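Trainee: The structure that follows is given in the form of structure tokens.
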Amino acid sequence: MKRILLGIILCLIFTGVSYTQENKKINVAVTILPQVEFVKRVGGDRVRVTVMVPPGASPHTYEPKPSQLREISKAKMYAKVGSGIEFELAWMDKIASINKKMLIVDCSKGIKLIDNDPHIWLSPRNVKIMVENIYQGLIKIDPVNKEYYRKNREKYLKKLDKLDEEITQVLSGMKNRKIMVYHPAWGYFCREYNLKQIPIEREGKKPTPQGIASLIKEAEAKSGKIIFASPQFSTKSAEVIAREIGGKVVLIDPLAENYLENMRKVAKVFAR
């Protein structure tokens, strides 16, 4: 009987410790999945991250659920992309009004933006700036753990430097440096690594039949046999062009959470 009581007491103690540690975590909200990795790499086990645009959804069209907006009321910090992405343009004022005490961090601060291209996270060099902005936000709301966050930031920045070097090396042998993409998400990536994207979709609009015909000619003349598309968008127009040029559609995900691994994969796919 005593052993049973002791077991129950120990169980309650350890459950209580776990609950307390979980409650001490800082709630941080972000817009897109890649930011989840950025915040977790800096915040470590001291943060709990909520993402507003879930897997499979597009930040250009997604509308948050009421349950997600309720989660915002618990957040101490919101790390927005800040580069003009449609979700934030439509919802950021509402999000800020739900929790007026929440610190809002602009991850794009310090990045040289490309007009009408919000996809800043697709350049590892931009991500280094985004990570710095996240770090500054975390030490503002939790200054006691500044050194912990600093060490985590430094580790991740080194990984981003290594990623940058690997991508540069992987792409160094490309002769045809033009890539045809369905959605023009890769402008920052192309700027950093001396590539040029030829988009099928422009300003959120599907191509006209005349536009498709023009793209087919361009693909035949300059762009090779592969069209890159994202899983968040329809691939019908891309498939039409691929059939006409005897090519194929290859999916690459600009919104994968496992950022380092995904960007290595993307670079290798482009290089092929």
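Trainee: Does GLY84 meet the test of being more than 26 Å from SER58 (Cα to Cα) and surrounded by fewer than 17 Cβ atoms within 10 Å (Cβ to Cβ)? Steps first, answer last, please.
Mentor: Values: more than 26 Å from SER58 (Cα to Cα): no; surrounded by fewer than 17 Cβ atoms within 10 Å (Cβ to Cβ): yes.
Judged against the criteria, GLY84 is not a match.
Trainee: May I pose another question? Just to verify a result, which residue in region 3-39, among those that are touching a strand residue (DSSP E or B) at 6+ places or on another chain (Cβ under 9 Å) and surrounded by fewer than 18 Cβ atoms within 10 Å (Cβ to Cβ), is modelled with the lowest pLDDT?
Mentor: Across region 3-39, the extreme among qualifying residues is GLU22.
Trainee: Oh, and also: Evaluate region 149-162: report whether one residue or more is buried (at least 17 other Cβ atoms within 10 Å of the Cβ) and in contact with a Ser or Thr (Cβ under 8 Å, 6 or more places away or on another chain).
Mentor: Going residue by residue through region 149-162, those that are buried (at least 17 other Cβ atoms within 10 Å of the Cβ) are 149, 152-153, 156-157, 160.
Subsequent filtering for residues that are in contact with a Ser or Thr (Cβ under 8 Å, 6 or more places away or on another chain) retains none.
No; the residues of region 149-162 include none that is buried (at least 17 other Cβ atoms within 10 Å of the Cβ) and in contact with a Ser or Thr (Cβ under 8 Å, 6 or more places away or on another chain).
Trainee: If you take the residues in region 212-262 that are under 30 Å from VAL49 (Cα atoms), surrounded by fewer than 16 Cβ atoms within 10 Å (Cβ to Cβ) and at pLDDT 85 or above, which one is nearest to the chain's Cα centre (by Cα)?
Mentor: Here the residue is ASN258.
Trainee: Sort out which residues of region 44-88 are assigned to a helix (DSSP H, G or I) and more than 17 Å from the chain's Cα centre (by Cα), and write them in order of number.
Mentor: Of region 44-88, the ones assigned to a helix (DSSP H, G or I) are 44-46, 66-72, 86-88.
Residues satisfying the conditions are GLY44, ASP45, ARG46, PRO66, SER67, GLN68, LEU69, ARG70, GLU71, ILE72.
Trainee: Is it fair to say GLU132 is assigned to a helix (DSSP H, G or I), without any contact (Cβ under 8 Å) to a residue 40 or more places away in the chain and more than 20 Å from VAL30 (Cα to Cα)?
Mentor: On the way: assigned to a helix (DSSP H, G or I): yes; without any contact (Cβ under 8 Å) to a residue 40 or more places away in the chain: yes; more than 20 Å from VAL30 (Cα to Cα): no.
It is false that GLU132 is assigned to a helix (DSSP H, G or I), without any contact (Cβ under 8 Å) to a residue 40 or more places away in the chain and more than 20 Å from VAL30 (Cα to Cα).
Trainee: Same structure again: Go through region 162-191 and report how many residues are charged (D, E, K, R) and touching a Gly at 6+ places or on another chain (Cβ under 8 Å).
Mentor: If we filter region 162-191 for residues that are charged (D, E, K, R), which is where we start, we get 162, 164-166, 175, 177-178, 191.
In the following step, the residues that additionally are touching a Gly at 6+ places or on another chain (Cβ under 8 Å) were identified as 178.
Number of matching residues: 1.
Trainee: With the checklist (1) in contact with a Phe, Trp or Tyr (Cβ under 7 Å, 6 or more places away or on another chain); (2) at pLDDT 90 or above; (3) of a type outside the set (A, V, I, L, M) in hand, flag the one item TYR182 doesn't pass.
Mentor: (2)
Trainee: Going by what's in this entry, would LYS158 be described as assigned to a loop (DSSP other than H, G, I, E, B) and farther than 22 Å from PRO231 by Cβ? Quick ask: steps written out before the conclusion?
Mentor: Details: assigned to a loop (DSSP other than H, G, I, E, B): no; farther than 22 Å from PRO231 by Cβ: yes.
The answer is no for LYS158.
Trainee: Could you tell me which numbered condition ALA271 fails, if it satisfies all but one of (1) surrounded by 15 or more Cβ atoms within 10 Å (Cβ to Cβ); (2) at pLDDT 90 or above?
Mentor: So the condition that ALA271 fails would be (1).
Trainee: On the basis of being touching a residue at least 60 places away in the same chain (Cβ under 8 Å) and over 19 Å from ASN262 (Cβ atoms), does ILE104 make the cut?
Mentor: Working: touching a residue at least 60 places away in the same chain (Cβ under 8 Å): no; over 19 Å from ASN262 (Cβ atoms): yes.
No: the conditions fail for ILE104.
Trainee: Further, regarding this structure: From the list GLY137, GLY110, GLY173, exactly one residue is out of contact with any Lys or Arg (no Cβ under 8 Å at 6 or more places or on another chain) and buried (at least 20 other Cβ atoms within 10 Å of the Cβ). Which is it?
Mentor: On the way: GLY110 fails: buried (at least 20 other Cβ atoms within 10 Å of the Cβ); GLY173 fails: buried (at least 20 other Cβ atoms within 10 Å of the Cβ).
The match here is GLY137.
Trainee: Over 22 Å from ALA256 (Cβ atoms) and part of a helix (DSSP H, G or I), is that true of TYR148?
Mentor: Details: over 22 Å from ALA256 (Cβ atoms): yes; part of a helix (DSSP H, G or I): yes.
Answer is yes for this residue.
The values are calculated or read from the model by the stated rules, or taken from the named source; none is laboratory data. Quick caveat, the model's predicted, so the values are computed rather than measured. Every residue, glycine as well, gets a Cβ built from its backbone with ideal geometry; the counts of neighbours run over all protein chains shown.
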